[in-house]
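Visitor: Quick one: the structure is below, and I'll ask about it shortly.
What follows is calculated from the coordinates using simple rules that are stated; it is not laboratory data. Just so it is clear, the structure is predicted and the values come from calculations on it, not from any experiment. In this analysis, Cβ positions are derived from the backbone assuming ideal geometry, glycine residues included, and neighbour counts consider all displayed protein chains.
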Amino acid sequence: MMENAVRACVLNQSSHIHYYDHLSPMAALLEIPFLFVEEDDMARNMRFYPGLKGEIVAFQEFNPEYLLQHYDVVLMSDLWDRHVFREKFAPLEKEYGKTMRHVHVPHGFSDKVFYIRKMANEDITFVYGDNMLDLLKSEGVYENLNQFIISGNYRYSYYKKHKEYLDQIANEDALGGLDPNKKTILYAPTWMDLEQSTTFFDSCHHLLDNAPSDYNILVKLHPRLELDDTVGFYEILGRYAKASNIFFVTDFPLIYPLLARADIYIGDMSSIGYDFLAFDRPMFFLNKDRKDPKNDRRTFLFQCGTLIEEEDFANVYRIIEKALPYDQERFSAIRKKIDRYTFGEERPFEEIRKDLFRECQTPPKK
């Protein structure tokens, strides 16, 4: 098949809102349609992501046979083991005389090894750069890879291309309440994953009870936190609802406009920490499990900023103020180094597109 004969589409099978910020820029830059079953979802995403081409598929028609009839390749962020995928599609592939390919689009990069192990079992996988490849190797699953494509930090490239528009959307939907005369601290906790990584439920009170009045405190909530502990989640939101300088961001998929507005980052194991490296600004990590970034691969990113141990969480702002004058001198070089190691050089969209269609035309190896 030639490139223009390969019919590809993008699909958010689970409708996870945090997948859109990875899938929609990819669909836009590759100029392939994003399939939706709900008009509202399509309209919302087309507003957030300029250049996105959305297509509606009737719910009752949306099934594996529909995909095989109309497309050759499907891009998703859901994990779908290639052997399970082959079993699912094998009867239809035999009937239609074709092989359906699926491409995994990672929803960010973090040092969480449980996800990276599963990602190695996809059909074709987008890989950001050397950091992800080395993590696959260190976990002993690199050889499980079938085919992969280097994407670089395409999301940051997409943000820069549409910066004015995306910043405006963020101001309208998420950042309008921030005081422009104050600096902004972004706290971006991850969810309660298999490694119990989040600091939100047991530690956020240290950050929010003691929030200094001369800062905006922007809390970017992972969508799955609400499912992790629904009662606890809404208790926390309610407790600080009237705070004049604390702002919770929910149901908003865009990440880079938030990062561009942040002067300081506080995080745990969220992939947003790696995204923030592009700005080379102060980073602080809540190290609730007392991990050593020099000896623990799961905290590799923690080299890029100041560690705050659990016994010091109550003093987080005192630690921040003490560290800020020396942050650039101590961490700027390592932040830039790890950013390059993670995402590599910026890749032209057309090169990524050509690599994708080349891999899709290459028979599966395993």
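Visitor: Taking the highest mean first, how do the peptides 271-278, 104-111, 239-246 order by number of other beta carbon atoms within 10 angstrom per residue? Could the numbers behind the result be given before it?
Guide: Working: 271-278: 24.1, 104-111: 21.5, 239-246: 13.9.
My ranking of the peptides, most packed first, is 271-278, 104-111, 239-246.
Visitor: Further, regarding this structure: How much length is gained on full extension from residue 63 to residue 341, taking 0.36 nm per residue of separation minus their Cα-Cα distance?
Guide: Values: separation 278, 0.36 × 278 = 100.08 nm, distance 3.94 nm.
Value of the extension gain: 96.1 nm.
Visitor: Compute the distance in nm between two label points, each set 7 Å from the Cα along the Cα-to-Cβ direction, one at residue 7 and one at residue 224.
Guide: Each label point lies 7 Å from its Cα, and together they span 3.4 nm.
Visitor: State the Cα centre-to-centre distance between the range 223-248 and the range 1-47 in whole Å.
Guide: 30
Visitor: Can you work out the Karplus-derived ³J(HN,Hα) for every residue in the range 103-118? Use 6.51 cos²θ - 1.76 cosθ + 1.60 with θ = phi - 60°, whole Hz, and x for glycine or proline.
Guide: Here the 3J(HN,Hα) series is 10, 8, 10, x, 9, x, 10, 9, 8, 7, 7, 4, 6, 5, 5, 6 Hz.
Visitor: Ok, one more. Given 94/137; 137/337; 161/365, which pairs have Cα atoms separated by over 28 Å?
Guide: Working: 94/137 35 Å; 137/337 20 Å; 161/365 36 Å.
As for pairs spanning more than 28 Å Cα to Cα, those are 94/137; 161/365.
Visitor: To continue, here is another question. About the Cα centre of the range 169-342, what is the dipole size in debye to 20, counting +1 per Lys and Arg Cβ and -1 per Asp and Glu Cβ, all else neutral? Don't skip to the answer; put the middle values down first.
Guide: Values: 21 positive and 28 negative charges, 131 e Å.
Using Cβ point charges on Lys, Arg, Asp and Glu, the range 169-342 gives about 620 debye.
Visitor: Could you state the angle between the C-alpha long axis of helix 39-48 and the longest principal axis of the C-alpha atoms of the chain, as a value from 0 to 90 degrees rounded to the nearest 10?
Guide: It is inclined by approximately 60 degrees.
Visitor: Under the definition of Cα pairs under 8 Å and six or more residues apart, what whole-number percent is the relative contact order of the range 169-342? Kindly include the intermediate steps, with their values, before the conclusion.
Guide: Details: 253 pairs, mean separation 41.3, N = 174.
Once divided by the residue count of the range 169-342, the mean separation gives 24 percent.
Visitor: For a quick check, take a GNM of the chain with Cα springs below 10 Å and name the residue from 26, 269, 192 with the largest mean-square fluctuation.
Guide: 192
Visitor: Which far-off residues, 5 or more places away or on another chain, put their amide H under 5 Å from the one on residue 7, with H placed in the peptide plane?
Guide: For residue 7, whose amide H was placed from the backbone, the distant partners under 5 Å are 72, 73.
Visitor: Moving on to the next point. Starting from the Cα of residue 362, step 7 Å along the direction of its Cβ; do the same at residue 250; then give the gap between the two resulting points in nm.
Guide: It works out to 4.5 nm between the two label points.
Visitor: Rank 187, 274, 328 by how far each Cα sits towards the positive end of the charge dipole of the range 169-342 (+1 on Lys, Arg Cβ; -1 on Asp, Glu Cβ) and give me just the farthest.
Guide: Going by the Cα projections, it comes out as 328.
Visitor: Something else about it: Go ahead and set up a Gaussian network model of the chain, Cα springs under 10 Å, then flag whichever of 44, 335, 298 fluctuates most.
Guide: With Cα springs under 10 Å in the chain, the top fluctuation among 44, 335, 298 is at 44.
Visitor: Under a GNM of the chain (C-alpha, springs under 10 Å), which listed residue has the highest mean-square fluctuation: 223, 348, 325?
Guide: Among 223, 348, 325, the largest mean-square fluctuation in the Gaussian network model of the chain belongs to 325.
Visitor: Considering the Cα trace of the chain, what is its radius of gyration and what is Dmax, both in angstroms?
Guide: When restricted to Cα atoms, the chain yields Rg and Dmax of 21.0, 67 Å.
Visitor: Largest first, please: the extent of the C-alpha atoms of the range 169-342 along each principal axis, to the nearest Å.
Guide: For the range 169-342, the Cα spread along each principal axis is 39, 37, 29 Å.
Visitor: Still on this structure, I have one more. Between residue 183 and residue 309, 0.36 nm times their residue separation minus their Cα-Cα distance comes to what? All intermediate terms of the calculation are to be shown ahead of the outcome.
Guide: Details: separation 126, 0.36 × 126 = 45.36 nm, distance 2.40 nm.
Difference between extended and current length: 43.0 nm.
Visitor: So if I place +1 on the C-beta of Lys and Arg and -1 on the C-beta of Asp and Glu, and nothing else carries charge, what would the dipole magnitude of the chain be about its Cα centre? I want it in debye, nearest 20.
Guide: Roughly 860 debye, rounded to the nearest 20.
Visitor: Quick check: Cα centre of the range 77-144 to Cα centre of the range 269-292, how many Å?
Guide: 26
Visitor: How big is the charge dipole of the range 152-203 about its Cα centre, in debye rounded to the nearest 20, if each Lys and Arg gets +1 on its Cβ and each Asp and Glu gets -1 on its Cβ?
Guide: 360
Visitor: Relative contact order of the chain: what whole-number percent is it, with Cα pairs under 8 angstrom and at least 6 residues apart? Mind showing how you got there, number by number?
Guide: Numbers: 602 pairs, mean separation 65.6, N = 366.
After rounding, I find 18 percent.
Visitor: What pairs in 53/98; 160/291; 118/354; 118/294; 118/220 have C-alpha atoms more than 30 Å from each other? Show your work: numbers first, answer last.
Guide: On the way: 53/98 26 Å; 160/291 34 Å; 118/354 26 Å; 118/294 25 Å; 118/220 26 Å.
Pairs exceeding the cut-off: 160/291.
Visitor: So how much slack lies between residue 130 and residue 328, counting 0.36 nm per residue of separation and subtracting their Cα-Cα distance, in nm? Don't skip to the answer; put the middle values down first.
Guide: On the way: separation 198, 0.36 × 198 = 71.28 nm, distance 2.46 nm.
Full extension from residue 130 to residue 328 adds 68.8 nm.
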